[in-house]
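I have placed the structure first, in the form of structure tokens, so that the comments after it can refer back to it.
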Amino acid sequence: MGKVVGIDLGTTNSVVAVMEGGKPVVIANAEGMRTTPSVVGFSKEGERIVGQMARRQTVLNPQNTFYGVKRFIGRKYAELSPESKRIPYTIRKDEEGNIKIKCPRLNKEFAPEEISAMVLKKLADDASRYLGEAVTGAVITVPAYFNDSQRQATRDAGRIAGLEVKRILNEPTAAALAYGLDRRESQTILVFDLGGGTFDVSILEVGDGVFEVKSTSGDTQLGGNDFDEKIVDWLAEQFLEAEEVDLRRDRQALQRLMEAAEKAKIELSGVTVTDINLPFITATADGPKHLETRLTRSQFEDLCSDLLGRVRTPVKRALADANFRPVDIDEVVLVGGSTRMPMVEQLVRHLIGREPNQNVNPDEVVAVGAAIQAGILGGELKDVLLLDVTPLSLGLENSSGVMKKLIPRNTTIPVRRSDIFSTSENNQTSVEVHVLQGERDMAGDNKSLGRFKLTGIPPAPRGIPQVQVAFDIDANGILLVTALDRTTGREQSITVQGASTLSEAEVNRMIQEAEEYAEIDRERKERVEKRTRSEALTIAAERQLREISLDFGMQFARGRRQRIESLIRAVRESLAQNNDRLIDQSYADLQDALYELNREVRQYYSEEEDDDLFGSIRRVFTGDDDREPPREIIRDGYGGSRSDTRTPYGREREEYGRDRYSGDSRRGERRSRPTYQDNWDDDDDKWL
């Protein structure tokens, strides 16, 4: 049984955490960072890269680098706004009306679920490396206001990544779990979650291990990216007015604008003014053009006034649905990196009348809550009860085109509700059940989750047959619809999966492709590591040859050293030819040659140690030393060379440069000490 982790699959960044010793721990990725950019790219060689490495190539390779995909998951192309389509890479509509992401590098199209699965796979692999065991299951968080289609799509992404999705958990609920796990006193908390692409607000009652969600609301198309877009438009309009060039039509220029806007937004959280400089942003017939301007915090807040208005509405709706007033809220917990903006904090203070709680890390708290939920499911944590709610109303379309609500929004889940329906025409033998999700009265204004038919109804006047339709929502917030003819007992049911935009066959195909790609990635990684090891071995071998030359002289093991030098050349030639078989062979031969050289060095030292122990006795009585130290060539300070002699441990017998006896510092000249006193001239005070 593998380990189960908690994953916050974010629009901008993702985080993975795990329970260890009863405490949640955030796991750093392979690059050493606790957050992983939710970015997938394909390099010039067609290699798939995920995270920070992919983010680095967004400007130079915008068409093959995909980010912000969470906004597309589980949605139809027709549901997208024009603003959400303004991205450097290409998205299109397939035959089913679903969203496909085009990758020119591979000449292939991906579903948003596949891109998200690549991010999940990266997080699971990093967690496996940290834990030392395979990660097979996960609790994955989603925005509380995700509909059934988006939840199903997130579950499909987990399956494609090879994970068993134990639970789909609302992000504000996960944050509340992390915040209130050790709190025993009862509190009413409001979780304000403004991330990179989505916004949620949930009100919960927390205390003594019970987490009960009272209401939730939000906007799945509102987040930090929209604040960035305001700066992008402001910069682009300024440049268009000055240079008559629309930078938003150039993929690379648009990507550079987006990165500059995000940087400016972050800087304005700490300072009141920031400079934006983008040299060589484009070129015209007059030459290269540069963008240089200054943005103040007050200007930024003016640009985003309409977005702040969109933030207010879900907060007020959540309070009204829970039948609470702002004074009933005990704590406000800020979640998501975008809550660091001063205008957002100020808005929360104004709406709730309370200082937001700053004791949790807004980037990591959701993943921590997901890990806690994984611990609850795995039995590591006891006496914790989580009662979540469904974010949107669920119902059916009747014959007049009106939506009949069976489960109102903010109903505690899991839940089962049913109602009796009948035929609208005489002798009708089948009925179509059209499942809807939303808050509008007319069916056409709500989200269609799926359709199915119940057939075999006995002919009868209209209104006579009785068809019982039941809605079941499980703990993941995923819907099962059942229709039963009470006369014949004939039953038809569906788990609403068509809304996920992927059929079961497509999911299985993507799972198989992901496994095949994982094998390709493993082989490519092994090939890169092999080249790295070989290059490192040649460098280490050259360094070792230099050290041995300095310690023992050029003549020491000369034949073996010459073989090593030829093997170093062979390894580098095989690397240049990219021949895996030759690389393996030359690498192994070089390793063996180095081993033999090291053995000879060890043997030489052991002989010297024996000689020092026993030979010293002989030298005491005989006064001679028949050892012949190896000779070497030493470079002098002027580029010349001379013969010199060292002891086996590198101690020079003669000094070079400054004579230890005469004090003469002349280079290249050696003087020896006289042995007879009568060679001294007392008058001239010098040696004769």
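The values are calculated or read from the model by the stated rules, or taken from the named source; none is laboratory data. Quantities reported herein were computed from a predicted structural model and do not represent experimental measurements. Because the Cβ atoms are built from the backbone with ideal geometry, glycine has one as well, and the counts that use them run over all protein chains shown. SASA here: full protein model, heavy atoms, side chains in, ligands and nucleic acids out. Shrake-Rupley method; radii C 1.70, N 1.55, O 1.52, S 1.80 Å.
Annotations
- Test: residue in the range 548-567 that is in a helix (DSSP H, G or I), over 24 Å from GLU600 (Cα atoms) and open to solvent by 80 Å² or more (accessible area, probe 1.4 Å): no
- Unmet requirement for ASP286, which otherwise passes all of (1) at pLDDT 90 or above; (2) among the charged types (D, E, K, R); (3) open to solvent by 70 Å² or more (accessible area, probe 1.4 Å): (1)
- For the range 326-354, a residue qualifies if it is of a type in the set (A, V, I, L, M) and either open to solvent by 30 Å² or more (accessible area, probe 1.4 Å) or not in a loop (DSSP other than H, G, I, E, B) (or both), and the qualifying residues are VAL327, VAL332, VAL333, LEU334, VAL335, MET343, VAL344, LEU347, VAL348, LEU351, ILE352.
- Residue match in the range 177-195 (condition: in a loop (DSSP other than H, G, I, E, B), at positive phi, open to solvent by 10 Å² or more (accessible area, probe 1.4 Å) and in contact (Cβ under 8 Å) with a residue 60 or more places away in the chain): no
- Of the residues making up the range 67-74, not a single one is farther than 27 Å from ASN98 by Cβ and in contact with a helix residue (DSSP H, G or I) (Cβ under 9 Å, 6 or more places away or on another chain).
- Qualifying residues in the range 208-217 (those that are open to solvent by 10 Å² or more (accessible area, probe 1.4 Å) and not basic (Lys, Arg)) - the one nearest to ARG86 (Cα to Cα): GLU212
- Apart from one condition, THR58 fits all of (1) part of a strand (DSSP E or B); (2) buried (at least 22 other Cβ atoms within 10 Å of the Cβ); the exception is (1).
- Residues in the range 406-445 that are surrounded by 15 or more Cβ atoms within 10 Å (Cβ to Cβ), touching a Pro at 6+ places or on another chain (Cβ under 7 Å) and either closer than 23 Å to ILE457 by Cα or of a type in the set (Phe, Trp, Tyr) (or both): 2 in all.
One line per residue, one yes/no per condition, for (1) out of contact with any Cys (no Cβ under 8 Å at 6 or more places or on another chain); (2) without any contact (Cβ under 8 Å) to a residue 60 or more places away in the chain; (3) buried (at least 17 other Cβ atoms within 10 Å of the Cβ); (4) of a type in the set (Lys, Arg):
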residue: LYS23; (1), (2), (3), (4): yes, yes, no, yes
residue: PHE42; (1), (2), (3), (4): no, no, yes, no
residue: GLY74; (1), (2), (3), (4): yes, no, yes, no
residue: PRO88; (1), (2), (3), (4): yes, no, yes, no
residue: ARG92; (1), (2), (3), (4): yes, yes, no, yes
residue: ILE101; (1), (2), (3), (4): yes, yes, yes, no
residue: LEU106; (1), (2), (3), (4): yes, no, no, no
residue: PHE110; (1), (2), (3), (4): no, yes, yes, no
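- Hits in the range 446-490 - residues which are of a type in the set (S, T, N, Q), open to solvent by 40 Å² or more (accessible area, probe 1.4 Å) and over 34 Å from the mean Cα position of the chain (by Cα): THR455, GLN466, GLN468, THR487, THR488
- Every residue from the range 25-40 that is open to solvent by 20 Å² or more (accessible area, probe 1.4 Å) and assigned to a strand (DSSP E or B): VAL25
- Remark: GLY309 falls outside the filter, which requires a residue to be assigned to a loop (DSSP other than H, G, I, E, B), without any contact (Cβ under 8 Å) to a residue 24 or more places away in the chain and not aromatic (Phe, Trp, Tyr).
Residues checked against (1) of a type in the set (Gly, Ala, Ser); (2) open to solvent by less than 60 Å² (accessible area, probe 1.4 Å):
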residue: GLU229; (1), (2): no, yes
residue: LEU257; (1), (2): no, yes
residue: ALA264; (1), (2): yes, yes
residue: ASN277; (1), (2): no, no
residue: GLN299; (1), (2): no, no
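- Filter result (part of a strand (DSSP E or B) and either within 20 Å of GLU259 (Cα to Cα) or open to solvent by less than 50 Å² (accessible area, probe 1.4 Å) (or both)) within the range 76-86: none
- Number of positions in the range 361-405 that are touching a Phe, Trp or Tyr at 6+ places or on another chain (Cβ under 6 Å) and either open to solvent by 30 Å² or more (accessible area, probe 1.4 Å) or at pLDDT 90 or above (or both): 1
- The residues of the range 387-441 that are assigned to a strand (DSSP E or B), among the basic types (Lys, Arg) and touching a Ser or Thr at 6+ places or on another chain (Cβ under 6 Å) amount to a single one, LYS405.
- Test: ARG48 is over 19 Å from ALA138 (Cα atoms) and not aliphatic (A, V, I, L, M): yes
- Whenever a residue of the range 579-607 is among the aliphatic types (A, V, I, L, M), its partners that are open to solvent by 60 Å² or more (accessible area, probe 1.4 Å), lying with C-beta atoms within less than 6 angstrom and at least six residues away or across chains, give the pairs ALA593/ARG563; LEU597/ARG560.
- If you go through the range 3-21 and keep only what is part of a loop (DSSP other than H, G, I, E, B) and open to solvent by 20 Å² or more (accessible area, probe 1.4 Å), you end up with THR12, GLY21.
- Qualifying residue in the range 567-577 (condition: more than 19 Å from GLN544 (Cβ to Cβ), among the polar types (S, T, N, Q) and modelled with pLDDT of 70 or more): yes
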